[in-house]
Amino acid sequence: MAKIHVTDREGRKLEIEAKEGLTLMEPLRDIAGGFEALCGGMCSCSTCQVFVEPQWTGKLPKAKDDEMELLEGSEVYRPGQSRLACQLRVTPDLDGIVLTIAPEE
């Protein structure tokens, strides 16, 4: 299990646990103040967008072209911080990651 430090859309700071192998989207959509993840993790919407704290971005795999296309088209895109939670697998390296759920568009 990895601990995820998340600020939800209401500004509450939460610590949740996520099973390794899942995507970050899965535990985040289940919390109050989370997101809908409308496409269910298919990388075809940007409703699971999160802002990753800069000290963690280097530990993440590089975003693929389809993810970047969705992020760059988003009204709340933050270069260097925006990622889709459905594209990030929970690994031991992510234990303690700090992120914020992006506001709804």
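Just a few scattered comments:
- The structure-derived value of Kirkwood radius over Cα pairs in Å appears in the list [x] 14.9; [y] 13.7; [z] 13.4 under the label [z].
- Expressed to the nearest 5 percent, the antiparallel share of DSSP beta bridges inside the stretch 2-101 is 75 percent.
- Lysine pairs in the chain with Cα atoms under 23 Å, if 8 or more residues apart or on separate chains: 7
- Cβ crowding within 10 Å averaged over residues, with 41-49, 72-80 ranked highest first: 41-49, 72-80
Any read-out appearing in this document is the output of simple, stated calculations on the displayed coordinates, not a laboratory observation. Since the model is a prediction, treat every value here as computed from it, not as a measurement. Neighbour counts run over all protein chains shown; Cβ positions are idealised from the backbone, glycine included.
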